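Below: the structure, in structure tokens.
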Amino acid sequence: MMKYDHILIRYGELALKGRNQRTFINQLQNNIRHQLMDFPEVQVKKTQGRMFILLNGEDPEPIIEKCRRIFGIHSLSLAVKVDNELEIINETVLKTLLDHPSGTTFKVEVRRANKEFPIQSQEMNQKLGAHLLKNSTGYTVDVHDPDVIIKVEIRVEATYITSSVIEGAGGLPVKTAGKTLLMLSGGIDSPVAGYLAMKRGVEIEAVHFHSPPYTSERAKQKVIDLAKELMTFGHQVKIHIVPFTELQQAIFKEIPEAYAMTVMRRMMMRISEAICEKEGILSITIGESLGQVASQTMESMNAINEVTNYPILRPLVAMDKSEIINISKDIGTYDISIRPYEDCCTVFVPKSPKTRPRRDKVNQFEAKMDYKQLLGTAVEESKLIKVNDHKNEEDAFKDLL
Ligand code: ATP
Ligand code: MG
């Protein structure tokens, strides 16, 4: 068996980022190191236009699995590092081909980044191809659609030889595009919205509106588990747990039923904005998709959005439910999201919410309600939990129950 000692990391899109490039690459390196904390032997090194993980004897499989969840990585390959000498390159390329589990056709792709190396790329391709044909049986060359592509990168410090290319998560490294406050409900949509924001390099902090005793213990665990799953794509996720019961009760007492949902959403938005202000966060992210339910019509977005001038990211706005579900299955949040439980909206949800709420009406109704103090209290009494700290998690919720 071929013993791979490196993982080659390609970061595609990053290369286009001009002046920011250094920051992006350093952040990507930090993010990889963070994800691989459990592998103390492993080292993460930069070289021009690429990154390498030195395995130092670690099993590559679990490391590849971790890397596939790191945004900013375009693709990765297991690699062997050898000296810049034709004979050893020949030998290693042959081993790589013979080690490949299946296929009858191959292609060699040489990239000579090191112009000091005496043999030009094209000539190298031919030499290596000829060596492979001579020393293997049953293989032919196919330059258009080969079963096996063997890449040979000749660099200043060494030559790296790789065969299969593993697709990465794409996107940009988390923490290169500021922070957003994700409104995380426990449903299917909002975790996917958070994932997509992270994919563009955004760091997330979450807010969850909790209405004990109407919402159960299970609701609590669900939100924590979802945040944990999202954490595997980035760093620690903090959740602001907002006690929402009193405000919801007031809304359902004082606002006409058809408008209760709209007002409730506006209150959530106002509280989220206050948290952003307090924490220096510059945007809010929600899991709305246009037309999905009554609160997600254009009129409804218009009425809800009125209360804030913070940018609201809606990564799912144009997606079908089935597309959202597919992503949630891929990223591992689906099974958590579908656990049954009552969320604060389902408990208080009116039988027939207004699908086309009007700003003037909602303002008229809200004017009669004295909500400022309730809002202030909700913000003040919200608890911050860091999801990887169990003790903290328990305490934060106990205080609210
Ligand atoms: P989800 O699957 O994300 O719950 P949904 O289809 O149930 O979405 P709504 O209930 O209309 O849609 O909620 C729209 C968005 O409002 C959610 O995606 C989420 O971002 C936010 N939201 C709803 N309820 C809460 C809550 N209890 N805490 C925090 N955010 C919430
Ligand atoms: Mg929901």
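The values are calculated or read from the model by the stated rules, or taken from the named source; none is laboratory data. Only a predicted model underlies this, so the values are computations on that prediction, with no experimental measurement involved. In this analysis, Cβ positions are derived from the backbone assuming ideal geometry, glycine residues included, and neighbour counts consider all displayed protein chains. Surface accessibility is based on the protein's heavy atoms, side chains included, excluding ligands, DNA and RNA. Shrake-Rupley method; radii C 1.70, N 1.55, O 1.52, S 1.80 Å.
Applying the selection to the range 63-97, what residues are under 22 Å from Leu172 (Cα atoms) and free of Cβ contacts under 8 Å to residues at least 24 places away in the same chain? Within the range 63-97, Glu65 is the sole residue that qualifies.
Has the range 103-118 got any residue that is touching a residue at least 12 places away in the same chain (Cβ under 8 Å) and in a helix (DSSP H, G or I)? Show your work before the answer.
Here is the first cut: in the range 103-118, the ones touching a residue at least 12 places away in the same chain (Cβ under 8 Å) are 103-114, 116-117.
Subsequent filtering for residues that are in a helix (DSSP H, G or I) retains none.
Checking the range 103-118: not a single residue is touching a residue at least 12 places away in the same chain (Cβ under 8 Å) and in a helix (DSSP H, G or I).
Among residues of the range 236-253 that are among the small types (Gly, Ala, Ser), those with a beta-carbon under 8 Å from a residue that is outside any strand (DSSP E or B) at least six positions away or on a different chain give the pairs Ala250/Met369; Ala250/Tyr371; Ala250/Leu374.
Restricted to the range 256-345, the set of helices (runs of 4 or more DSSP H) holding at least 3 residues that are over 25 Å from the mean Cα position of the chain (by Cα) comprises 257-279, 298-305.
In this structure, does Pro101 turn out to be open to solvent by less than 70 Å² (accessible area, probe 1.4 Å) and modelled with pLDDT under 95? It is false that Pro101 is open to solvent by less than 70 Å² (accessible area, probe 1.4 Å) and modelled with pLDDT under 95.
Taking the numbered list (1) among the aliphatic types (A, V, I, L, M); (2) over 16 Å from Tyr195 (Cβ atoms); (3) in contact (Cβ under 8 Å) with a residue 60 or more places away in the chain in turn, Val307 passes all entries but (3). Take the conditions (1) of a type in the set (A, V, I, L, M); (2) away from ligand 2 (no atom under 16 Å from the Cβ); (3) over 30 Å from Arg10 (Cβ atoms); Ala177 misses just one of them, which is (3).
Take the conditions within 16 Å of ligand 2 (Cβ to nearest atom), among the polar types (S, T, N, Q) and assigned by TED's automatic domain parsing to the domain that holds Asp335 and apply them to Thr232. Does it pass? I'd like the intermediate steps shown before the answer.
Working: within 16 Å of ligand 2 (Cβ to nearest atom): no; among the polar types (S, T, N, Q): yes; assigned by TED's automatic domain parsing to the domain that holds Asp335: yes.
Judged against the criteria, Thr232 is not a match.
Go through the residues of the range 184-193 one by one and say whether even a single one is more than 16 Å from ligand 1 (Cβ to nearest atom) and either modelled with pLDDT of 95 or more or in contact with a strand residue (DSSP E or B) (Cβ under 6 Å, 6 or more places away or on another chain) (or both).
Within the range 184-193, the subset more than 16 Å from ligand 1 (Cβ to nearest atom) is none.
Within the range 184-193, none of the residues are more than 16 Å from ligand 1 (Cβ to nearest atom) and either modelled with pLDDT of 95 or more or in contact with a strand residue (DSSP E or B) (Cβ under 6 Å, 6 or more places away or on another chain) (or both).
Quick one: which residue in Thr215, Thr285 is in the same structural domain as Val379 (by TED's automatic domain parsing) and either at pLDDT 95 or above or more than 16 Å from ligand 2 (Cβ to nearest atom) (or both)? Steps first, please.
Details: Thr215 fails: either at pLDDT 95 or above or more than 16 Å from ligand 2 (Cβ to nearest atom) (or both).
Criteria check complete, one pass: Thr285.
Against the definition (within 16 Å of ligand 2 (Cβ to nearest atom), of a type outside the set (A, V, I, L, M) and either open to solvent by less than 20 Å² (accessible area, probe 1.4 Å) or modelled with pLDDT of 90 or more (or both)), how does Ser272 come out, yes or no? When the stated conditions are applied, Ser272 passes them.
Within the range 197-206, restricting attention to residues that are within 12 Å of ligand 1 (Cβ to nearest atom) and over 18 Å from Met267 (Cα atoms), which residue is surrounded by the most Cβ atoms within 10 Å (Cβ to Cβ)?
Narrowing the range 197-206 to residues within 12 Å of ligand 1 (Cβ to nearest atom): 197, 204, 206.
Imposing the further condition that a residue be over 18 Å from Met267 (Cα atoms) reduces the set to 197, 204.
Details: Ala197: 23, Ile204: 26.
Among those that are within 12 Å of ligand 1 (Cβ to nearest atom) and over 18 Å from Met267 (Cα atoms), it is Ile204.
Go through the residues of the range 181-196 one by one and say whether even a single one is open to solvent by 60 Å² or more (accessible area, probe 1.4 Å) and not acidic (Asp, Glu). No - not one qualifying residue is present in the range 181-196. Comparison of Glu279, Glu288, Glu254 shows that the only residue that is open to solvent by 10 Å² or more (accessible area, probe 1.4 Å) and in contact with a strand residue (DSSP E or B) (Cβ under 8 Å, 6 or more places away or on another chain) is Glu279.
Does the range 53-62 include one or more residues that are part of a helix (DSSP H, G or I) and open to solvent by 50 Å² or more (accessible area, probe 1.4 Å)? Talk me through it step by step, then tell me what you get.
Filtering the range 53-62 for residues part of a helix (DSSP H, G or I) gives 60-62.
From what is left, the residues that are open to solvent by 50 Å² or more (accessible area, probe 1.4 Å) are 61-62.
For the range 53-62, residues part of a helix (DSSP H, G or I) and open to solvent by 50 Å² or more (accessible area, probe 1.4 Å): present.
Scanning the range 207-224 for residues that are open to solvent by 40 Å² or more (accessible area, probe 1.4 Å) and in contact with an Asp or Glu (Cβ under 7 Å, 6 or more places away or on another chain) yields Tyr214, Ser216.
Restricting attention to the range 225-244, the residues being among the small types (Gly, Ala, Ser) and either surrounded by fewer than 23 Cβ atoms within 10 Å (Cβ to Cβ) or closer than 22 Å to Gly170 by Cβ (or both) number 1.
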